[in-house]
Structure formats: structure tokens, C-alpha cells
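The values are calculated or read from the model by the stated rules, or taken from the named source; none is laboratory data. Everything numeric here is computed off the predicted structure, so don't read it as measured data. Here the Cβ positions follow ideal geometry from the backbone for every residue, glycine too, while neighbour counts run over all protein chains shown.
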Amino acid sequence: MSPADSPLTLEQILATAEDAVRRYGPDKANVVDVARALGVSHAAVYRHVASKAELRELVVARWTEAMMSPLRAIVAETGPAPRRLRKLFDTLIATKRRRAAEDPELATAYRTLAADAQTVIEAHVDELVALHAAIIRAGVKEGAFRKVDPTAAGRAAFSAMWRFHHPAHAAEWGKPGEKEAMDDVWRLVMGGLQAAKSPAKKTARVAAAKTSGRKSSRKSHR
């Protein structure tokens with residue numbers, strides 16, 4: 001059976017569109033060029049994609065969806081919220097940078113395509129914010145974070161790390177001092193989220209430390 005006679009799938013269309021973008025740039029993400037590359041009629045492609053604009057949106061959605069699985073898995077994990085939030089930050093940064101390094105042509109074209117796919121980008125950002133919010137909500141519940149609006153705090157935390165993972169800042173990645181800057185931002189985020197230590201608990205810790213010190217002193221003089 002020839003390719004023209006095989007059942008055409010949306011996955012084939014999007015994979016072919018991505019390949020065309022890698023080789024020739026974002027302008028090739030259109031129905032005419034994709035149909036030509038697949039060896040099918042325009043009508044065959046239009047059965048799956050309504051327009052050039054929708055094709056571009058689907059290409060962008062495919063790119064963003066590919067990075068979400070490990071991030072969703074972190075939210076589903078158990079464990080202290082501060083640890084999971086830092087893991088989410090680190091994984092988001094590492095995933096975006098790895099994809100940009102492994103597929104630079106598509107990563108560059110993605111920025112152009114994304115400008116015409118704002119609905120898809122907004123949905124992607126909203127999900128990323130929701131992942132941050134879910135962990136912050138858990139942190140409030142467990143007492144690790146102070147009482148905040150999880151969604152507002154999630155958006156602020158996500159935005160604080162923007163320069164370390166957004167492709168627009170790719171030229172800054174890996175510069176000297178970046179790791180220290182990232183840690184500084186992380187400490188700032190945690191400073192705004194962490195619950196204040198209660199005076200009673202602090203007093204109890206100080207008292208326990210003094211008692212322990214006195215016991216150690218008595219033992220040393222025996």
C-alpha cells in the first residue's frame with residue numbers, strides 16, 4: 001500500500017509539519033507544504049486540520065505537551081512541599097533547556113509559531129501555574145507554607161523563575177553566576193512562602209538546647 005493509499009492520521013500530519021519547520025523554517029508549517037511532503041491531497045490534510053492557523057496551533061501544542069509528563073509526576077508525588085516545589089523548578093528549567101539543545105531548529109521556530117498561537121500558550125502557562133499552585137496548596141495544608149492564595153502565589157513563583165527557562169532568555173543560560181542567581185531567586189520565593197516559626201516552638205527549641213548543653217557540661221565534669 002502506497003503512502004497515498006494509507007490512512008492519514010493527525011500524528012503523521014504534525015510530525016511532518018515539525019520536520020518541515022526544522023528544515024525550512026516556520027513558514028513551512030502550512031497545509032500546502034505538509035500535503036506535498038506527505039504525498040497526499042490538500043483535502044486529505046483538511047480532513048484533520050481546518051486551516052493553516054489551526055495546524056500551527058497544533059504544532060505548538062505538541063511541543064508544549066511533550067514536556068509536561070515529568071512535571072505532572074512531581075505534583076503527584078508525596079513528600080514535603082518545599083522539596084517538591086524546588087524539584088518542579090529544576091525539572092522545568094532542565095526540560096526546556098534540554099529540548100532547546102536537542103532540537104534547536106524547532107526551538108527557534110517555536111518562538112515564531114507561538115506568537116500566532118496565543119490561546120495555546122496561555123493554556124500552557126495556566127497549567128504550569130496550576131502545577132505550582134497545587135504544591136503550594138499542599139504546603140499550606142501541611143504547615144510548611146503560610147496561608148496564601150495558591151493560584152496567585154503559584155503564578156508569582158512561576159514568574160520569578162521565568163528568565164531561567166523561557167526561550168527568550170536562552171542567550172543568558174549558562175553564563176557565569178547564573179546558578180547563584182537561581183539560588184538567590186529560590187531563597188526569595190521560599191522567604192515569601194514559608195510559614196513563620198511560632199514563638200512557642202522557638203522558645204521550646206532554645207530551652208531544649210540549653211538543657212542539652214547543661215547535661216553535656218555535667219557529664220564532662222564527672
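Okay, here's what the table says:
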quantity	calculated
Residue list for the stretch 21-49, restricted to those being within 29 Å of the chain's Cα centre (by Cα) and either assigned to a loop (DSSP other than H, G, I, E, B) or under 30 Å from Lys87 (Cα atoms) (or both)	Gly25, Ala29, Asn30, His48, Val49
Any hit, the stretch 103-116, residues being among the β-branched types (Val, Ile, Thr) and assigned to a helix (DSSP H, G or I)	yes
Residues (surrounded by fewer than 16 Cβ atoms within 10 Å (Cβ to Cβ), at pLDDT 90 or above and over 16 Å from the mean Cα position of the chain (by Cα)) located in the stretch 142-171	Glu142, Gly143, Arg146, Lys147, Asp149, Ala152
Positions within the stretch 172-186 being part of a helix (DSSP H, G or I) and loosely packed, with under 10 Cβ neighbours inside 10 Å, in sequence order	Glu180
Residue match in the stretch 84-92 (condition: hydroxyl-bearing (Ser, Thr, Tyr), within 18 Å of His165 (Cα to Cα), assigned to a helix (DSSP H, G or I) and under 16 Å from the mean Cα position of the chain (by Cα))	yes
Of all residues in the stretch 35-60 being in contact (Cβ under 8 Å) with a residue 60 or more places away in the chain and of a type in the set (A, V, I, L, M, F, W, C), the one that is surrounded by the fewest Cβ atoms within 10 Å (Cβ to Cβ)	Ala53
Residue tally, condition farther than 26 Å from Ala101 by Cβ and either not in a loop (DSSP other than H, G, I, E, B) or not hydrophobic (A, V, I, L, M, F, W, C) (or both), over the stretch 7-20	5
Any hit, the stretch 71-84, residues being over 16 Å from Ala15 (Cα atoms), of a type in the set (D, E, K, R) and crowded, with 18+ Cβ neighbours inside 10 Å	yes
Complete set of residues in the stretch 112-149 that are farther than 13 Å from Ala195 by Cβ, in contact with a Lys or Arg (Cβ under 8 Å, 6 or more places away or on another chain) and β-branched (Val, Ile, Thr)	Val129, Ile135
Filter result (polar (S, T, N, Q) and in contact (Cβ under 8 Å) with a residue 24 or more places away in the chain) within the stretch 109-124	Thr112, Thr119
